[in-house]
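Heads up, the thing below is written out as structure tokens.
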Amino acid sequence: EATAAREVAEVPKPEASDLPPPPTVVLPDGDKTTRWTALREMVLSNVICQTHVRPGKKVVLGVGDLDAKIMFVGEAPGAEEETQGEPFVGPAGQLLTKMIGAMGLGRGDVYIGNIMNWRPEMPLNASGVQYGNRPPTEAEMNFCLPFLRAQIEIVDPQLIVALGSTAAQGLLGFGSF
């Protein structure tokens, strides 16, 4: 019935106490590819990241040129991103790709990542499908920030572009503006 399809199971926002302290990320010695591959394995096998990914969905790590001069950072994966396991592949990603193209570059010339490695939980509809998006909490971002900092360390871009207020707060510190 149509009424049942609109019913949702509320998912409470995680609080700081729901997450353990942020992980310590120690990258191995080696070239950028070796270090990124090790980081990728750390993120994809992280129990907390895996716990927050819905069944059939993927943890998302940044993609692109490890020697990129420009790094774009968003806040968190959306529906398309958690399905494909890649940041900025949905409608916002299509716009970002056009913007990068207008700069005379392609997606492969830059590095694109997110503060978060999983899509923040939202309510489910009667079919069990998550709908909508919400900004990540400070606790969620704090847990994932060591992984982003490691990506920044590996890529060592000349310019980091925060894509939105939430990403800027994650990069610059909460309450910084």
**Projected label distance in nm at GLN158 and THR51, using a 7 Å step from Cα toward the beta-carbon** = 4.2
**Asked** How high is the relative contact order of the chain, given as a whole-number percent (alpha carbon pairs under 8 Å, six or more residues apart)?
**Response** 32
**Request:** Per DSSP H run of n ≥ 4, the term is -39500 (n - 2.57); total these for the chain, divide by its residue number, and report the mean residue ellipticity at 222 nm rounded to 500 deg cm²/dmol.
**Result:** -11000 deg cm²/dmol
**Complete:** Quick shape check on region 32-77: root eigenvalues a ≥ b ≥ c of the Cα gyration tensor, a/c under 1.5 is rounded, otherwise prolate if a/b tops b/c, else oblate, and it reads oblate
**Message:** If the only charges are +1 at each Lys and Arg Cβ and -1 at each Asp and Glu Cβ, what is the size of the charge dipole of the chain around the Cα centre, to the nearest 20 debye?
**Reply:** 220
**Choice from VAL129, VAL110, VAL60 showing the highest fluctuation, given a GNM over the chain with Cα pairs closer than 10 Å** = VAL129
**Request:** Take the alpha carbon gyration tensor of region 73-113, find the square roots of its eigenvalues, order them as a ≥ b ≥ c, and report rounded if a/c is under 1.5; if not, report prolate when a/b exceeds b/c, else oblate.
**Result:** prolate
**Fill in**
Taking the dipole of region 7-140 about the Cα centre (Lys, Arg +1; Asp, Glu -1; charges at Cβ), the one of GLY104, LEU124, GLY78 that reaches farthest to the positive side is GLY104
**Message:** Just to confirm the number: angle between the C-alpha axis of helix 91-102 and the first principal axis of the chain, 0 to 90 degrees, nearest 10?
**Reply:** 20
**Request:** Pop a pseudo-label 7 angstrom from the Cα along the beta-carbon direction at both ASP18 and LEU124 and give the gap in nm to one decimal.
**Result:** 1.5
**Asked** Taking Cα atoms of region 130-177, Rg/Rh with Kirkwood Rh, to two decimals?
**Response** 1.00
**Prompt:** If the viscosity is 1.002 mPa s and the temperature 20 °C, what translational diffusion coefficient in µm²/s does Stokes-Einstein give for the chain when Rh comes from Kirkwood over Cα pairs?
**Reply:** 127
**Item:** Length-normalised contact order for region 26-97 - Cα pairs under 8 Å, 6+ apart - percent
**Value:** 24
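None of the figures in this text is laboratory data; all of them are computed from the coordinates on show. Please read all numbers here as calculations on a predicted model, not as lab measurements. Every residue, glycine as well, gets a Cβ built from its backbone with ideal geometry; the counts of neighbours run over all protein chains shown.
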